[in-house]
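Here the structure comes first, spelled out in structure tokens, and everything after it is commentary.
The values are calculated or read from the model by the stated rules, or taken from the named source; none is laboratory data. Bear in mind the structure is a predicted one, so any value in this text is a computation, not a measurement. Neighbour counts are summed over all protein chains in view; Cβ atoms, including those assigned to glycine, are modelled from backbone coordinates with ideal geometry.
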Amino acid sequence: MKNLQLTKEQITQIVAVIFFGGIFGYLYIAYFWIPTAKNIETKNRKISELQNKIDKAKRRDAQYKNLSAKLEQLKKDKEAAQKKLPRGKKIPDLIKKLTEISKKHHINIASISPGSSKKERYFLKVLYSISARGNYHDFGRFFAELALQERIFTLENVRINASSGDYSASVTFSLVAYQYST
């Protein structure tokens with residue numbers, strides 16, 4: 001190996017192989033390797049950006065679901081509040097409810113007269129004068145059920161008088177029905 005002698009033809013072949021290998025290597029790197037590496041880098045960057053957008057969308061979706069749930073709860077709360085404080089007097093509903101409760105507790109309502117209204121800050125107090133006859137304990141159950149109604153009612157100026165006949169008491173009172181004031 002010390003005295004390795006190459007012919008001119010062999011040296012030309014080696015130089016040609018190195019030259020063409022260098023050209024092939026340059027062309028491979030310049031036209032295949034570098035563009036492919038750039039393409040891979042660009043694709044990875046796009047994938048990363050898309051993944052970030054997907055993550056943001058998932059977070060927004062989770063927030064939207066929370067907002068939707070809150071909105072539904074607020075709608076339910078609003079409906080419940082409107083049942084307690086309706087926007088209008090709703091006299092037919094009031095009379096219907098009073099009639100149902102009075103029949104249930106054997107109270108005979110003689111008259112219902114609309115009275116005055118008093119505006120408060122957020123609501124309106126509407127008074128109705130009511131006179132009725134029935135038994136003393138039936139009135140207790142009647143008043144208790146009125147107090148437990150979904151709509152807010154209060155009683156004022158309750159006057160109980162003894163009565164003869166089928167009923168043991170004659171009662172007059174003011175029913176206060178509350179309604180939402182805009």
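Identify the single condition in (1) within 15 Å of Ser174 (Cβ to Cβ); (2) more than 38 Å from the chain's Cα centre (by Cα); (3) modelled with pLDDT of 85 or more that Asn108 does not satisfy, given that it satisfies every other one.
In the conditions (1) within 15 Å of Ser174 (Cβ to Cβ); (2) more than 38 Å from the chain's Cα centre (by Cα); (3) modelled with pLDDT of 85 or more, Asn108 misses (1) alone.
Taking Ile95 as the residue in question, decide whether it is free of Cβ contacts under 8 Å to residues at least 60 places away in the same chain and more than 37 Å from the chain's Cα centre (by Cα). I'd like the intermediate steps shown before the answer.
Working: free of Cβ contacts under 8 Å to residues at least 60 places away in the same chain: yes; more than 37 Å from the chain's Cα centre (by Cα): no.
Here the answer is no, as Ile95 does not meet what is asked.
Being acidic (Asp, Glu), at pLDDT 85 or above and more than 16 Å from Phe173 (Cβ to Cβ) narrows it down to one of Glu100, Glu120, Glu72, so name that one.
Glu100
Considering only the stretch 168-177, I want to know if a residue exists there that is assigned by TED's automatic domain parsing to the domain that holds Ser113 and without any contact (Cβ under 8 Å) to a residue 24 or more places away in the chain.
No - not one qualifying residue is present in the stretch 168-177.
Ala144 versus (1) in contact with a strand residue (DSSP E or B) (Cβ under 8 Å, 6 or more places away or on another chain); (2) surrounded by fewer than 14 Cβ atoms within 10 Å (Cβ to Cβ): which is the lone unmet condition?
Unmet for Ala144, out of (1) in contact with a strand residue (DSSP E or B) (Cβ under 8 Å, 6 or more places away or on another chain); (2) surrounded by fewer than 14 Cβ atoms within 10 Å (Cβ to Cβ): (1).
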